[in-house]
Amino acid sequence: MLYQTYDLYQRNANIANSFFSLAHHISSHPNNPWSNTLIGKTWSAGFESAARSTKQYHKLDFDYGSCEIDGKTFAIEEEVSLELPFCNLLHFKKPKAKAQNKVLVVAAMSGHHATLLKDTVKALLPDHDVYLTDWNDAKNVPLSEGKFGFDDYVDYLIKFMEQLGPESHMLAVCQPTVQALIATAIMAEAESNCTPKSLTLMAGPIDTRIRPNQVNNYATENDIDFFKKNVIKTVPKGFKGAGRKVYPGFLQLTAFISMNLSTHIKKHTDFFSNIVLGKTEDAQAHREFYDEYMAVLDMTEEFYLETLEKVFMDHQVAKGTITHKGKKVNFDAIQQTALFTVEGEVDDICSLGQTEAAQTVCKKLKKSQRQHQVFSGVGHYGVFSGSKYRDEIAPAITEFIHKNA
């Protein structure tokens, strides 16, 4: 009944949100003589904070518009290159631009939408022909489309690489670094001409036995039945996927926030103060971050539980025991794909060394085909967004891809 209760709360919260939004509009309107007073700004900050706390957050748009290449501006056209039940392959086309290396950016299916990688893609656009996995919200996928598990995720990546064609590259962020590595091994063993020329793995859980953190310990301290009993819910009526068993996005979001509750509370109190003090840029940065952070999606039961078991509990990739459709994955087949592992020094989601473990898994690669880099002072989200990413990490990725094109 938890999902049904949450859905009912959201519908009722929309009514309160309408009131608070209207009150904020009135209190902050330029024609309101009180809007520029301390009292008026305080009321405005209070009403906006209340409106945001009752708001139902939806997936945002990418809205890249254009990018600059060699001093020339090119429009970016977003198109669906391949449509599958649980994911769309997006292509950010740049008509009339010169041919560039094709790169598949693999977004995580871990609660947030692919738009969480806006910065990741934006920084790559001037130098690459970028594609992105845009995962669908499981609560909106009809039961008639069947189940979607760990192996299905790998199959989707293989289909997407085949859609891009030969001489393409793959970049995976966080959770799907595991599936990206497996897909590369399967394609390499099959001698597919669409096997990635290079594979960049960023802040991913290849071996969570290394410096286990709060997330890792939570997974190992409980068995799979615990998670199945406590976090798997049924999508209620009113959604296309009604009746589907899922791990709801709102539960994942609650877990994320509870891990750093004091930090989130401080950010919201600072937001209130910034509105009152007229710090518009800081207040807008808060809005943009939480508009994205609060928008979540559901994962299918089978994908969530299988990922927990294979990656976080049994460490099957690191141990070399993982299978795909019953067949053991042969990572030794990866011999022609250059590997770049990227980590943040202060990452509290994927600890230092967990991603680098992929270098050990890929035993047959030559030294010249390997690269590993740790970026100082960078946390988990800083690995793929923010100034450090734009100024240091993205250029390093571009250089690596060009080197191995």
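Every residue, every condition in (1) surrounded by fewer than 20 Cβ atoms within 10 Å (Cβ to Cβ); (2) under 18 Å from A203 (Cβ atoms), yes or no:
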{"site": "A333", "(1), (2)": "yes, no"}
{"site": "F340", "(1), (2)": "no, yes"}
{"site": "D347", "(1), (2)": "no, yes"}
{"site": "E356", "(1), (2)": "yes, yes"}
{"site": "K366", "(1), (2)": "yes, no"}
{"site": "G377", "(1), (2)": "yes, yes"}
{"site": "Y389", "(1), (2)": "no, yes"}
{"site": "I393", "(1), (2)": "no, yes"}
{"site": "K403", "(1), (2)": "yes, no"}
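Report yes if some residue within region 12-22 is touching a strand residue (DSSP E or B) at 6+ places or on another chain (Cβ under 8 Å) and in a helix (DSSP H, G or I); otherwise report no.
Taking region 12-22 first, the residues touching a strand residue (DSSP E or B) at 6+ places or on another chain (Cβ under 8 Å) are none.
No: region 12-22 contains no residue that is touching a strand residue (DSSP E or B) at 6+ places or on another chain (Cβ under 8 Å) and in a helix (DSSP H, G or I).
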Just a yes or no: is a residue in region 12-24 under 30 Å from K240 (Cα atoms), surrounded by 11 or more Cβ atoms within 10 Å (Cβ to Cβ) and in the same structural domain as L124 (by TED's automatic domain parsing)? no
Please state which of the following conditions T177 fails to meet, knowing it meets all the rest: (1) closer than 28 Å to A219 by Cα; (2) surrounded by fewer than 22 Cβ atoms within 10 Å (Cβ to Cβ). (2)
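Mind listing just one residue for me: the one in region 336-353 that is touching a Ser or Thr at 6+ places or on another chain (Cβ under 6 Å) and touching a residue at least 60 places away in the same chain (Cβ under 8 Å) and, of those, farthest from R211 (Cα to Cα)? Before you say what the answer is, go through the steps one by one.
The initial filter retains those residues of region 336-353 that are touching a Ser or Thr at 6+ places or on another chain (Cβ under 6 Å), namely 337-338, 340-341, 343, 345.
Narrowing the set further to residues that are touching a residue at least 60 places away in the same chain (Cβ under 8 Å) leaves 337-338, 340-341, 343.
Values: T337: 28, A338: 26, F340: 21, T341: 17, E343: 13 Å.
Checking each candidate, the answer is T337.
Which ones in region 187-201 are among the hydrophobic types (A, V, I, L, M, F, W, C) and surrounded by 24 or more Cβ atoms within 10 Å (Cβ to Cβ)? Spell out the reasoning first.
Initial filter on region 187-201 (among the hydrophobic types (A, V, I, L, M, F, W, C)): 187-188, 190, 194, 199, 201.
Those that are among the hydrophobic types (A, V, I, L, M, F, W, C) and surrounded by 24 or more Cβ atoms within 10 Å (Cβ to Cβ): L199, L201.
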Within 21 Å of A138 (Cβ to Cβ) and of a type outside the set (D, E): which single residue out of Y218, Y247 fits that description? Y247
Using the structure shown, decide if N274 is of a type outside the set (K, R) and within 26 Å of T5 (Cα to Cα). no
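Taking region 361-392 as the search range and keeping residues that are part of a helix (DSSP H, G or I) and touching a residue at least 24 places away in the same chain (Cβ under 8 Å), which one is farthest from N404 (Cα to Cα)?
Our first condition is that a residue be part of a helix (DSSP H, G or I); within region 361-392, this holds for 361, 367-369, 381-383, 387-392.
So of that shortlist, the ones also touching a residue at least 24 places away in the same chain (Cβ under 8 Å) come out as 361, 369, 382-383, 389-390.
Working: V361: 20, Q369: 8, G382: 25, V383: 22, Y389: 21, R390: 21 Å.
Across region 361-392, the extreme among qualifying residues is G382.
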Scanning region 81-140 residue by residue, those crowded, with 18+ Cβ neighbours inside 10 Å, without any contact (Cβ under 8 Å) to a residue 40 or more places away in the chain and of a type outside the set (G, A, S) turn out to be K94, Q100, D129, V130
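Among the residues of region 64-91, count how many are under 20 Å from N136 (Cβ atoms) and either part of a strand (DSSP E or B) or at pLDDT below 90 (or both).
Going residue by residue through region 64-91, those that are under 20 Å from N136 (Cβ atoms) are 78-91.
Next, only the ones that are either part of a strand (DSSP E or B) or at pLDDT below 90 (or both) stay: 78-84, 87-91.
The total comes to 12.
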If you take the residues of region 92-132 that are closer than 25 Å to M294 by Cα and assigned to a strand (DSSP E or B), which of them is modelled with the lowest pLDDT? H112
Condition (residue is at pLDDT 95 or above, surrounded by fewer than 17 Cβ atoms within 10 Å (Cβ to Cβ) and polar (S, T, N, Q)) applied to region 293-306: is it met by at least one residue? no
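Would you be able to say whether some residue in region 253-274 is under 30 Å from S368 (Cβ atoms) and touching a helix residue (DSSP H, G or I) at 6+ places or on another chain (Cβ under 6 Å)? Spell out how you get there, then give the answer.
Going residue by residue through region 253-274, those that are under 30 Å from S368 (Cβ atoms) are none.
No, region 253-274 contains no residue that is under 30 Å from S368 (Cβ atoms) and touching a helix residue (DSSP H, G or I) at 6+ places or on another chain (Cβ under 6 Å).
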Here the residues within region 30-52 that are surrounded by 13 or more Cβ atoms within 10 Å (Cβ to Cβ) and without any contact (Cβ under 8 Å) to a residue 60 or more places away in the chain are N32, W34, S35, G40, W43, F47, A50, A51
Could you check region 273-286 and list, in sequence order, the residues that are in contact (Cβ under 8 Å) with a residue 24 or more places away in the chain and either in the same structural domain as Y381 (by TED's automatic domain parsing) or under 23 Å from L60 (Cβ atoms) (or both)? I275
Go through region 75-101 and give me each residue that's farther than 24 Å from S198 by Cβ and over 21 Å from the mean Cα position of the chain (by Cα). A75, E77, P95, K96
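The values are calculated or read from the model by the stated rules, or taken from the named source; none is laboratory data. What you see is a predicted model; the values in this text were computed from it and never measured. Glycine gets a Cβ as well: all are built from the backbone with ideal geometry, and neighbour counts include every protein chain shown.
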